[in-house]
Each structure stands twice: as C-alpha cells, then as structure tokens.
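Structure first, then comments.
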Amino acid sequence: MNCFDYFFEDTHTLQKDLIPGNPVPTSYQSIYTRSMRLASYLNEKTGEGQNILLVSQNNLFFVIAYLAILKSGNICIPLNPEIEQDNLDFIIKKTRSKMGFFSEYALSKLKISIDLVAESALSGLIDNQQLSGHFDKDFNGDQTAEIIFTSGSTASPKGVMLTHNSIIANTDSIIQYLQLKKSDRVLVVLPFFYCYGLSLLHTHLRVGGQIVLNNNFIFFGTTIKNLNSYQCTGFAGVPSHFQILLRKTDLFRNSEFPHLRYVTQAGGKLHTTFIEEFVQAFPKISFFVMYGQTEATARLSYLPPGMLSEKSGSLGKGIPGVEIKVVDTKGKPVLPGETGEIVARGKNVMSGYFDDAEETAKALRNGWLHTGDLATIDEDGYIYLTAREKEIIKVGGKRVSPKEIEAVIAMLPGVIDCSVVAVEDELLGEGIKATIVVAEDNSSLSEEAIRNFCATKLSKYKIPTVIEIKKNISLSATGKKSIG
C-alpha cells in the first residue's frame with residue numbers, strides 16, 4: 001500500500017483544515033486533490049522511482065509536494081532549507097537527483113543545478129494539471145518512500161531509506177500508544193525534514209487531526225501563545241525545547257494550558273530534573289519520554305506517563321510492533337545492571353543506507369538494527385540509556401558517561417543546559433569539559449561552586465577539569481542545542 005493512500009484512507013473528503021490559521025484553505029479534501037494533481041504531473045514528467053529533492057521550511061508547499069512525491073511512486077529527499085551549498089551539491093550527486101521542489105527562501109540562498117519547481121509556481125502548475133488516474137493499484141509497500149539524510153558518526157551524511165510500509169508501521173504504533181484521535185491538534189516546532197517532525201504530520205494526517213505550524217521557537221513566547229490560542233492538545237519537543245521553556249524565564253511554568261493533553265520528548269536524553277519540573281508544574285499533562293532513530297522511521301520505545309516516577313530515567317520499552325533489547329558484544333541479552341548496545345527489529349526499521357552497503361551491513365545484522373547506543377536494563381526489562389558509544393570519555397582508563405555529569409549539573413538552579421565533552425589531557429589522555437548555559441539573571445554560579453556541587457554527587461575523576469559558563473543557547477534547525 002502507498003502510504004499516501006493510508007494517510008487519506010478515511011479523510012480524503014474531509015472539509016476540516018489540516019493546518020488551522022493558514023491564509024490559504026487547507027482542508028483535507030483540498031490537500032488530497034491538489035497532491036493528486038501534482039502526483040499526476042510527476043508521473044508524466046519523471047515516471048516512478050526517481051529521487052526528488054524537497055527543500056523547504058514547514059508550510060503548505062512542503063506538505064503538498066511531499067505527499068505528491070509519495071503518491072507518484074517517486075522517492076522524496078527532504079532537506080533543511082538552511083543546507084550549505086556543498087552539502088546540497090554532494091547529495092544531488094550522490095542520489096543522482098534530477099528534480100527538486102524549493103521554497104522561495106531556499107532559492108534565495110542556493111544555486112540550483114537541476115530542474116526545479118519553485119514555491120511560487122506550485123499553484124499555477126497544479127491548477128493547469130488534470131488527474132491522470134494512472135496510479136498503480138497493486139503498489140508494493142516495500143518500495144522506498146523517502147531518503148532522510150543524517151550526519152551520523154561519519155564525515156559524510158548517510159541517506160536512510162524508509163519504505164512505505166515502514167512509515168505505515170511506525171505511524172500505527174505512535175497513534176496507538178498516544179491514543180491520537182480526530183480531535184487532536186499538535187503544535188509543530190520540529191522541522192519536517194527531521195523524522196520526528198515528519199511523524200507528527202504522518203500521525204495527524206492518518207487520524208484526521210490538525211497541525212499548528214510554528215517555525216520560530218526561538219521566540220518561545222509565540223509557542224506559549226500558540227498552545228492556547230489554537231487550543232493545542234499536543235506538543236512535541238527535543239530536550240533543548242523543554243529546557244528553554246522551563247528555565248529561560250518563569251513565563252512557561254506560570255502559564256496554564258487547559259487544552260494540552262500530552263507532550264512528547266525525544267531526540268536525545270532529557271535529564272530527569274527537567275522532567276520532574278515539568279510534571280510538578282503541570283501534573284494533569286501526560287509526559288511521554290520516547291526514544292528513536294531516523295533508522296527506525298522515528299520511534300523505537302516509550303515510557304508511559306504513569307511510570308515516570310517508578311522508572312525515573314528510563315526510555316521505557318518497545319513501542320507496539322517493535323522488539324527492543326540490550327545485548328553484549330556477542331549478541332546475548334545483558335543481565336540487569338550490565339551495559340550493552342540497544343538493538344531493535346520491527347517493520348519500521350529502515351531498508352538500509354542509500355548506496356552504502358558497508359554502513360548498512362554494520363547497522364543491520366541478522367535482522368536487527370544496531371543503534372550504537374549504550375544502555376542497561378532493570379529487573380523488569382525497562383531500558384536506561386547511558387551514552388552513545390562514541391561519546392564515552394576515557395579518563396585515565398576509566399570510562400565516563402557525559403550524561404551522568406550533565407544530569408548532576410542540571411540539578412543546579414539557574415542552569416538551562418549543560419554539555420560535557422572530552423578534551424585532551426597530557427596525563428589522563430582525556431579530560432572533561434563542561435559548557436554550561438545559565439539564566440541571564442543568574443550570577444551566583446561560579447566555576448568553584450559548580451565543582452563543589454559536583455564533588456557531592458560524583459567521584460573525583462568525573463568532576464570537570466574545564467568549566468565554561470555562557471548565557472546563550474542557540475538551536476539547530478531540528479531544535480537540538482548548539483551552545484554559543
């Protein structure tokens with residue numbers, strides 16, 4: 001089944017707007033019809049199975065182009081509109097793409113060497129296109145639907161190939177454990193070129209819900225305003241979103257969100273201190289801790305809100321339809337308290353990395369996705385992330401997880417964020433550096449005070465040797481932190 005048909009199976013005639021507040025009507029029926037017309041155009045122009053770029057911020061242009069590419073049987077490659085020219089050229093060459101959809105913003109920054117459809121030309125193109133009706137009724141769901149590029153641990157970006165079936169499987173699972181319904185309306189601050197952001201589009205399309213687009217989280221006052229003015233029932237964020245909302249000022253914590261039913265957090269480990277602060281401030285809002293990877297179409301595990309206290313710090317267990325475990329170097333499940341690698345299998349797992357058999361063979365082994373993330377389990381099988389293999393710091397031969405140190409420093413009042421990395425040390429091989437972002441009105445946190453506090457919680461060799469205190473945190477396009 002084509003995932004486009006799955007998304008619109010029950011909603012293709014719905015008059016309800018998918019994107020409330022958009023200046024142009026965005027009813028399900030309108031988006032379905034316009035996407036079908038554009039898909040017809042693509043079939044006539046390119047046929048099927050071609051790699052087609054989509055470079056745009058979150059907007060109606062992205063949604064229609066994305067859905068049309070999927071329906072046409074071609075392969076969508078969504079990219080950050082802030083992409084550097086060299087990276088764009090690399091991806092065009094690697095994927096042999098001959099066509100792309102570009103927003104006006106992207107076109108103002110980039111030199112395009114392939115055929116393109118500009119945002120400003122989309123409406124005219126669709127209006128002049130008739131439905132061809134030449135779509136494959138026996139569509140093979142194992143065909144690649146999209147390639148999402150991720151930098152991973154190598155210098156060159158890797159293209160994660162996701163099939164129509166993997167998108168359908170992951171969407172079904174997320175809808176099930178979040179109990180999403182037609183009445184749900186999510187505030188989207190995550191970009192659609194990021195798998196977490198795309199999952200919000202997928203799930204709400206399927207249930208007939210709504211998505212409120214906010215491309216300016218940096219002005220976080222608009223986020224608070226949007227949550228209430230659009231009566232949002234859901235919000236999704238990465239750790240830095242929650243850290244900024246909770247610690248930057250008191251505005252968020254002192255606000256009320258009577259319609260907000262749940263929030264979800266993924267894209268990295270949010271320290272327990274912040275989760276506890278959120279739950280204390282908003283006890284009636286369900287907080288879902290989640291874990292996933294692009295290689296899994298978005299999601300691998302979740303911790304039910306009712307387990308937050310009992311299983312503090314855990315990323316939970318596998319989502320419906322996904323088997324997840326922690327194994328040692330021989331592939332055997334670890335015992336409680338032992339550390340190993342998280343592996344998973346399910347219909348949502350990627351088919352491989354585009355044109356990269358070597359990296360695919362490393363990641364997919366004997367039917368299991370090897371995540372590269374280190375974790376342990378408890379007696380009940382709940383998983384606790386420790387670090388990515390590449391993040392471990394070796395201090396004088398002792399293995400140190402940056403997350404353990406970050407969690408301690410995050411306990412200090414006034415700390416918005418903390419990043420711990422390795423630095424060169426002549427005696428120990430690697431030393432520990434902590435870069436700490438503090439609230440602008442906080443001047444009491446000195447290097448000495450931070451070290452003294454760490455000494456009460458950590459072994460001596462885990463105390464940072466270098467501490468840098470800053471006032472500002474900037475976000476990448478996916479909302480992940482970039483301290484500066």
Quiz item: Out of (1) surrounded by 18 or more Cβ atoms within 10 Å (Cβ to Cβ); (2) assigned by TED's automatic domain parsing to the domain that holds residue 302, the odd one out for residue 179 is which?
Solution: (1)
Practice problem: May I ask you to verify whether residue 112 is part of a loop (DSSP other than H, G, I, E, B), free of Cβ contacts under 8 Å to residues at least 40 places away in the same chain and aliphatic (A, V, I, L, M)? | Solution: yes
Practice problem: Go through region 43-61 and give me each residue that's assigned to a helix (DSSP H, G or I) and at pLDDT below 95. | Solution: 43, 44, 45, 46
Self-check item: Residue in region 311-343 that is farthest from residue 175 (Cα to Cα), counting only those that are at pLDDT 95 or above, β-branched (Val, Ile, Thr) and more than 23 Å from the chain's Cα centre (by Cα)
Solution: 334
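Within region 313-335, which residues are on the phi < 0 side of the Ramachandran plot, surrounded by fewer than 21 Cβ atoms within 10 Å (Cβ to Cβ) and not β-branched (Val, Ile, Thr)?
From region 313-335, those on the phi < 0 side of the Ramachandran plot are 314-315, 317-320, 322-330, 332-335; that's our starting set.
Right, trim to surrounded by fewer than 21 Cβ atoms within 10 Å (Cβ to Cβ) and you get 318, 320, 323, 327-330, 332-335.
Scanning region 313-335 gives 318, 320, 323, 328, 330, 332, 333, 335.
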Practice problem: Under 8 Å between Cβ atoms, at least 6 apart or on separate chains: pull out the pairs that start in region 404-417 with a residue that is assigned to a helix (DSSP H, G or I) and end on any residue that is among the basic types (Lys, Arg). | Solution: 404/462; 405/462; 408/457
Quiz item: Among 406, 448, which is charged (D, E, K, R), surrounded by 18 or more Cβ atoms within 10 Å (Cβ to Cβ) and at pLDDT 85 or above?
Solution: 406
Practice problem: Could you check how many residues of region 214-238 are out of contact with any Lys or Arg (no Cβ under 7 Å at 6 or more places or on another chain) and either part of a loop (DSSP other than H, G, I, E, B) or farther than 24 Å from residue 18 by Cα (or both)? | Solution: 6
Quiz item: Would you pick out the residues in region 62-96 that are crowded, with 19+ Cβ neighbours inside 10 Å and not in a helix (DSSP H, G or I)?
Solution: 72, 73, 74, 75, 76, 77, 78, 79, 80, 81, 83
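Can you tell me which residue in region 114-141 is modelled with the lowest pLDDT, limited to those that are farther than 21 Å from residue 61 by Cα and surrounded by 12 or more Cβ atoms within 10 Å (Cβ to Cβ)?
At the first step, the residues of region 114-141 found to be farther than 21 Å from residue 61 by Cα are 132-141.
Applying the additional criterion that residues be surrounded by 12 or more Cβ atoms within 10 Å (Cβ to Cβ) yields 132, 135, 139-141.
Numbers: 132: 73, 135: 79, 139: 93, 140: 95, 141: 96.
Among residues in region 114-141 that are farther than 21 Å from residue 61 by Cα and surrounded by 12 or more Cβ atoms within 10 Å (Cβ to Cβ), the one modelled with the lowest pLDDT is 132.
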Self-check item: Yes/no for residue 338 being free of Cβ contacts under 8 Å to residues at least 24 places away in the same chain and surrounded by fewer than 17 Cβ atoms within 10 Å (Cβ to Cβ)
Solution: no
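Closer than 24 Å to residue 436 by Cα and acidic (Asp, Glu) - does that describe any residue in region 249-267? Working first, answer last.
Filtering region 249-267 for residues closer than 24 Å to residue 436 by Cα gives 249-253, 265-267.
Those left that are additionally acidic (Asp, Glu): 250.
Yes, the conditions are met somewhere in region 249-267.
Looking at region 71-87, which of its residues are over 19 Å from the mean Cα position of the chain (by Cα) and either closer than 14 Å to residue 41 by Cβ or at pLDDT below 95 (or both)? Walk me through it before giving the result.
Let us first name the residues in region 71-87 that are over 19 Å from the mean Cα position of the chain (by Cα), namely 71-75, 84-87.
Scanning region 71-87 gives 71, 72, 73, 74, 84, 85, 86, 87.
When residues of region 239-291 are filtered for being part of a loop (DSSP other than H, G, I, E, B) and of a type outside the set (Lys, Arg), how many remain?
Going residue by residue through region 239-291, those that are part of a loop (DSSP other than H, G, I, E, B) are 248-261, 266-271, 282-285.
In the following step, the residues that additionally are of a type outside the set (Lys, Arg) were identified as 249-252, 254-260, 266-268, 270-271, 282-283, 285.
Counting residues in region 239-291 that are part of a loop (DSSP other than H, G, I, E, B) and of a type outside the set (Lys, Arg) gives 19.
The values are calculated or read from the model by the stated rules, or taken from the named source; none is laboratory data. Quantities reported herein were computed from a predicted structural model and do not represent experimental measurements. Cβ sites come from the backbone with ideal geometry, for glycine too, and all protein chains shown count toward neighbours.
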